[in-house]
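Asks: Have a look at the structure that comes next, please.
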Amino acid sequence: MRSSNPVFSRRGFGQGGQAGFNAGPQAQAGNPYAQGAPAANPYANNPYAQPQQGVPGYAPPTAPQTDRMTMDDVVSRTGMTLGVVVASAAVAWMLNLNLVIAIVAALVAMGLAFWQSFKQEPSPGIILSYAVFEGVFLGAMSNFVNRFAPGAAMQAVLGTMAVFLAVLFLYKTRIIRVNRRFTQFAIAAGIGYALLSLVNLGFALFGAGDGMGFRTGTVGILMGIAGVCIGALFLALDFKSVEDGIAYGAPRKQAWFAAFGLTVTLAWIYFEFLRLAWILNSD
């Protein structure tokens, strides 16, 4: 099974057989990205057809596979991971941690995120550790921003929830269709935004925009809106990855990858809203 999410694809959702997805007809049938499906099989594109004995494509019935990822697994792991983020953010807020600690926590969280992204197997310890440091970063930054723009943190929370529900609705109603073109556009937009953010960081290090680079005023607002929109695109990729994982029989442990991807995307969207709220409330 090939995931639409490029991060999931790197970690096994899109690598034939490495995570146990392409082990047989279940993964081939109805999989638009499967390679090498038998041309003589009239049921290759219909996962619901029941071939009869003597008809091409027939396979003897096998015992039902167990230990497969379900939506409950994804919801529980995601709830656990986001719960750790929220709890550690609350602690960082109450302890009034300074920006130095926030930056260190952000760097550690980034390192853990890259470490997990390049592992072939999900590691709950790494994922939950990432959640702790990401929460510390977001909590400290939210507390700092809230001093200059009261209510910014709550606005960011509400904005993130609104984007999540909106993308979920658009995805479930198939108004958003995650296909190859959508994925390519999202990846290109993400890369472009990342490069622009690096350029902005260079300007910020030289003191431009009071240390914010060009992420102030109108330009900052436009960049923030672009960041939220691109984050929403990646949220749709996450939903597609979860749907594919369940449909093609991903092992239950892969639910941790789904939780990790959703947490990373939601944290990104929240931080973009936080910066937007700061700009809008400080003008």
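What follows is calculated from the coordinates using simple rules that are stated; it is not laboratory data. Remember, it's a predicted structure, so these values are computed and weren't measured experimentally. When we count neighbours, we look across all protein chains shown, and the Cβ atoms used for this are built from the backbone with ideal geometry, even at glycine.
Asks: For region 113-178, which trypsin sites (Lys or Arg not before Pro) pass both filters: DSSP loop (anything but H, G, I, E, B) and at most 16 other C-beta atoms within 10 Å?
Replies: Passing sites in region 113-178 are Lys119, Arg174, Arg177.
Asks: Okay, moving on. Say R0 is 22 Å: what FRET efficiency, to the nearest 0.05, do Ala194 and Leu165 get from their beta-carbon distance? Walk me through the numbers on the way to the answer.
Replies: Values: r = 26 Å, r/R0 = 1.19.
After rounding to 0.05, the efficiency reads 0.25.
Asks: Arrange the following residues from fewest to most other Cβ atoms within 10 Å of their Cβ: Leu198, Leu99.
Replies: Result, fewest neighbours first: Leu198, Leu99.
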